[in-house]
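Here is the structure we will look at, set down as structure tokens.
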Amino acid sequence: MAEGLATTHEHATAHSALQHHFENMDQQREAGTLGMWVFLVTEIMFFGGMFLAYTLYRYEYPAAFATASNHLDIKLGATNTVVLIVSSFTMAMAVFSTQVGKRRNSIICLVLTIILGLTFLGIKAVEYRDKYVDNLIPGQLIPGHRFNPEVAKEGDLDPHKLHLVPGATVRNVELFYWIYFAMTGMHALHMIIGVGILTVITILAVRRRFSPEYHAPVEISGLYWHFVDIVWIFLFPLLYLLGRHLEGHL
Amino acid sequence: MSEHIVYPRVYVVIFLALLLGTGVTAGVAFFDFPGPLNAVVALTIAVIKATLVILYFMHVRYSPRLIALIIAAALFWMAILFALTISDYSTRAWLPVT
């Protein structure tokens, strides 16, 4: 950094985290927030493509999608929704605690958020395992383990078998599972990245890097975390809930 | 020109509203609404929940208008992409899945 630049701004009392191309900490933080939102908007577009694919196929094959939705574990899905909402709350509290300079509370909230994120991933792993056991992994994603669910006969209530809603075919149910694994898989990847980011933020918080004047990294990581929560807020009803009301008509 | 700090009281209210929304959406999913209303109800609740997260947890309500503009522009553009794609798919024959 050229030393001559330092005379351009009044940096005598400036915060050590202030980069030379910003006037003050507020401007720097707002620029960072704006940049994060531009990134999140590209993420909206990215997930939007998958939501569009889901919409088209659900419209075309409603019975198969209802069949597949009903086979997902609604209790695990709802639990994960609550876990993520609680984690969003603890994340928001972590941002607040940093803003008012309560470092200890902030670290506690960050650790809680990470634990909740890992809880979500753990429950997701259990769900994926259930799908594996029921031979619902589409195509040959796992070599030698084809999509081959058992179809339940009339009156058979075995939850591991597929209860076809009238009009549904096993092939179209497989289509749902492609979309299910693509969407929840990408979402889980974002969760893993989020847990990684929050781990770094927590370490920095422990090292006293943040203060009421400088907390932009905590806030921006929080934006990412809340965004991932929002994706799940849409995934949960679309994947798990739509078609539930047809269960009684089997 | 310091930033706006959102206090825990607000976060708690939003948090409870989100939990309520989750409960309601899971509960009404088993209810057989006429026609496509099940999807409409589920999506309406999801949009409300997402809006609460964006406005309060993500501070957009207290942020510069520019950020709200970016989000609105993105959603508007996404709506165009959805509309054009759906109009295409819904007016063509689908090949049968074999």
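Given the condition part of a loop (DSSP other than H, G, I, E, B), touching a helix residue (DSSP H, G or I) at 6+ places or on another chain (Cβ under 6 Å), more than 10 Å from every other protein chain (Cβ to nearest Cβ) and farther than 22 Å from B:Met58 by Cβ, answer yes or no: does some residue in the stretch A:193-209 qualify?
no
Look at A:Gly49 and say whether it is free of Cβ contacts under 8 Å to residues at least 12 places away in the same chain and assigned to a helix (DSSP H, G or I). Quick ask: steps written out before the conclusion?
Values: free of Cβ contacts under 8 Å to residues at least 12 places away in the same chain: yes; assigned to a helix (DSSP H, G or I): yes.
So A:Gly49 fits the description; yes.
One line per residue, one yes/no per condition, for (1) closer than 24 Å to B:Leu19 by Cβ; (2) in a helix (DSSP H, G or I); (3) not polar (S, T, N, Q):
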site	(1), (2), (3)
A:Leu164	no, no, yes
A:Phe181	no, yes, yes
A:Glu219	yes, yes, yes
A:Phe234	yes, yes, yes
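Go over the candidates A:Asn70, A:Asn80, A:Asn24 one by one and state the one that is modelled with pLDDT under 95 and closer than 30 Å to A:Val133 by Cβ.
Working: A:Asn80 fails: modelled with pLDDT under 95; A:Asn24 fails: closer than 30 Å to A:Val133 by Cβ.
Within the list A:Asn70, A:Asn80, A:Asn24, the selection yields A:Asn70.
Within the stretch B:74-95, which residues are assigned to a helix (DSSP H, G or I), exposed (fewer than 11 other Cβ atoms within 10 Å of the Cβ) and either facing another protein chain (nearest Cβ under 7 Å) or β-branched (Val, Ile, Thr) (or both)? Outline the logic, then answer.
We begin by selecting, within the stretch B:74-95, every residue assigned to a helix (DSSP H, G or I); these are B:74-89.
When the remaining residues are screened for being exposed (fewer than 11 other Cβ atoms within 10 Å of the Cβ), the result is B:76, B:80, B:83-84, B:87-88.
The answer is B:Ile80, and nothing else.
Quick check on the stretch A:107-116. Is at least one of its residues more than 16 Å from the chain's Cα centre (by Cα) and either of a type in the set (Ser, Thr, Tyr) or buried (at least 21 other Cβ atoms within 10 Å of the Cβ) (or both)?
Yes, the conditions are met somewhere in the stretch A:107-116.
From the list B:Ile48, B:Ile71, B:Ile54, pick out the single residue that is among the hydrophobic types (A, V, I, L, M, F, W, C), more than 8 Å from chain A (Cβ to nearest Cβ) and part of a helix (DSSP H, G or I). Before the answer, list the steps.
On the way: B:Ile71 fails: more than 8 Å from chain A (Cβ to nearest Cβ); B:Ile54 fails: more than 8 Å from chain A (Cβ to nearest Cβ).
On inspection, the qualifying residue turns out to be B:Ile48.
Among the residues that make up the stretch A:181-188, is at least one of them in contact with a Pro (Cβ under 7 Å, 6 or more places away or on another chain) and surrounded by fewer than 21 Cβ atoms within 10 Å (Cβ to Cβ)?
Yes; the residues of the stretch A:181-188 include at least one that is in contact with a Pro (Cβ under 7 Å, 6 or more places away or on another chain) and surrounded by fewer than 21 Cβ atoms within 10 Å (Cβ to Cβ).
Take the residues in the stretch A:134-161 that are buried (at least 16 other Cβ atoms within 10 Å of the Cβ) and at pLDDT 90 or above; name whichever of them is farthest from A:Tyr61 (Cα to Cα).
Just the residues of the stretch A:134-161 that are buried (at least 16 other Cβ atoms within 10 Å of the Cβ), to begin with: A:134, A:136-138, A:147, A:149, A:152.
Those left that are additionally at pLDDT 90 or above: A:134, A:136-138, A:147, A:149.
On the way: A:Asp134: 22, A:Leu136: 18, A:Ile137: 19, A:Pro138: 17, A:Phe147: 18, A:Pro149: 18 Å.
The selected residue is A:Asp134.
Does A:Thr169 satisfy the condition of being under 19 Å from the mean Cα position of the chain (by Cα) and in contact (Cβ under 8 Å) with a residue 24 or more places away in the chain?
On the way: under 19 Å from the mean Cα position of the chain (by Cα): no; in contact (Cβ under 8 Å) with a residue 24 or more places away in the chain: yes.
Taking the combined requirement at face value, the residue does not satisfy it.
Could you please let me know if A:Leu121 is under 28 Å from A:Pro237 (Cβ atoms), out of contact with any Phe, Trp or Tyr (no Cβ under 8 Å at 6 or more places or on another chain), surrounded by fewer than 14 Cβ atoms within 10 Å (Cβ to Cβ) and of a type in the set (A, V, I, L, M, F, W, C)? Explain how you work it out, then say what you get.
On the way: under 28 Å from A:Pro237 (Cβ atoms): yes; out of contact with any Phe, Trp or Tyr (no Cβ under 8 Å at 6 or more places or on another chain): yes; surrounded by fewer than 14 Cβ atoms within 10 Å (Cβ to Cβ): no; of a type in the set (A, V, I, L, M, F, W, C): yes.
Answer is no for this residue.
The values are calculated or read from the model by the stated rules, or taken from the named source; none is laboratory data. On a predicted model such as this, the values are computed, not experimentally measured, just so you know. Cβ coordinates were reconstructed from backbone atoms using ideal geometry, including for glycine residues, and neighbour counts include every protein chain displayed.
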